[in-house]
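Chemist: Here's a structure for you.
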Amino acid sequence: MIVVDASVWIDYFNAVRSREADLLDDLLGREFLLIGDLILAEVLQGFDQEADFRRAQALLDRLDCAEMVGCALALSSARNYRLLRRRGITVRKTIDVMIATFCIEHGHVLLHADRDFDVMRQPLGLVTL
């Protein structure tokens, strides 16, 4: 299953041409895409206009939405963050480690446009598109 990060959704909704946004456009309606609750909040909080918010919500409501963080995943995320830090890798946002950990533990592939995820591929085994 493919999880699409907020970094890609934001480009997609803002009509920013990128490899990732174009890939998302190709995948919509053809592949099973999953959105996590954390990603849903990140994407929807950025809309200023109510009409834009409602259009985006209507599209995202068609996807399965997963609860990404509970106590067990929070603990795994903290362990992953500490492992990265010990290797000299600093991730700017804790939420990115949580999203990556969710994908790793559930065997999902992550489509993203955020360099913080790139540094998690090798040490944590994050699979990305």
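Chemist: Non-local amide H neighbours of Leu110 (under 5 Å, H modeled in plane, Pro and chain starts lacking H): which ones?
Modeler: Val3, Val127, Thr128, Leu129
Chemist: Tell me, in nm to one decimal, what length is gained between Ala78 and Ile10 on full extension, where the rule is 0.36 nm per residue of separation less the Cα-Cα distance?
Modeler: Contour length minus Cα-Cα distance gives 21.8 nm.
Chemist: If amide hydrogens are placed 1.01 Å from N in the peptide plane, which non-local residues have theirs closer than 5 Å to the one on Phe47?
Modeler: none
Chemist: How large is ³J(HN,Hα) for each residue in the range 99-116, as worked out from phi by the Karplus curve 6.51 cos²θ - 1.76 cosθ + 1.60 (θ = phi - 60°), to whole Hz, x for Gly and Pro?
Modeler: Going residue by residue, I get 5, 4, 4, 4, 4, 4, 5, 9, x, 8, 9, 10, 9, 8, 9, 9, 4, 4 Hz, with x marking Gly and Pro.
Chemist: Moving to a separate point now. So if we plug the beta-carbon distance of Arg121 and Asp61 into 1/(1 + (r/R0)^6) with R0 = 30 Å, what FRET efficiency do we get, rounded to 0.05?
Modeler: 0.50
Chemist: Tell me what the chain gives for mean residue ellipticity at 222 nm when only DSSP H runs of n ≥ 4 count, each as -39,500 (n - 2.57), the sum divided by the residue total, rounded to 500 deg cm²/dmol.
Modeler: -16000 deg cm²/dmol
Chemist: What list of whole percents do you get for P(r) of the chain, with Cα-Cα distances grouped in 10 Å bins up to the one holding the largest distance?
Modeler: Spelled out bin by bin, the chain gives 12, 45, 32, 10, 0 percent.
Chemist: What is the distance, in nm, between label points placed 7 Å from the Cα along the Cα-to-Cβ direction at Ala41 and at Arg85?
Modeler: Placing both labels 7 Å along Cα→Cβ, they lie 2.1 nm apart.
Chemist: Compute the distance from the alpha-carbon center of the range 10-80 to that of the range 81-129, in whole Å.
Modeler: Centre-to-centre distance over Cα atoms comes out at 17 Å.
Bear in mind these aren't lab numbers, they're just calculated from the coordinates by the rules spelled out. These numbers come from a predicted model, not from an experiment. Cβ coordinates were reconstructed from backbone atoms using ideal geometry, including for glycine residues, and neighbour counts include every protein chain displayed.
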